[in-house]
Amino acid sequence: MKNIRNVILALILMAALMSCATLTVPVSATSNDLGRLVGTSTGTIWFGLFGTADASIKEACRNGGIREISTVDFKTRVLFLGLGKRYTCIVTGE
């Protein structure tokens, strides 16, 4: 009985760790030179219903002091057992 409990706990732990995947995808690029400034904005959604913050390009530019955009990337991270997602917008420019 003790071995079964340990196996179940190990499986739950493995599932929790494997669900924390991160994917970064390029969204846009301009003809501007790659800038030295980087701005990010982050938002988190739990259970597909409750959200916090603003993960927009405009907010990322404001946070990084960017006026001319070079590239925009979007990163998505799945949180604990898929119950939440964290979205991050990454903008480079001058």
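The values are calculated or read from the model by the stated rules, or taken from the named source; none is laboratory data. All of these numbers come straight from a predicted model, not from anything done at the bench. Note: ideal-geometry Cβ built from the backbone for every residue, glycine included; neighbour counts use all protein chains shown.
Observations
- The set of residues from the range 35-55 being hydrophobic (A, V, I, L, M, F, W, C) and in a strand (DSSP E or B) comprises Leu37, Val38, Ile45, Trp46, Phe50.
- Out of Asn32, Asn6, one residue alone is modelled with pLDDT of 85 or more, part of a helix (DSSP H, G or I) and not charged (D, E, K, R). It is Asn6.
- Selection within the range 38-56 - at pLDDT below 95, more than 12 Å from Tyr87 (Cβ to Cβ) and aliphatic (A, V, I, L, M): Leu49
- Filtering Gly51, Gly84 for residues that are under 23 Å from Ala21 (Cβ atoms), surrounded by fewer than 19 Cβ atoms within 10 Å (Cβ to Cβ) and either among the basic types (Lys, Arg) or touching a residue at least 40 places away in the same chain (Cβ under 8 Å) (or both) leaves a single hit, Gly84.
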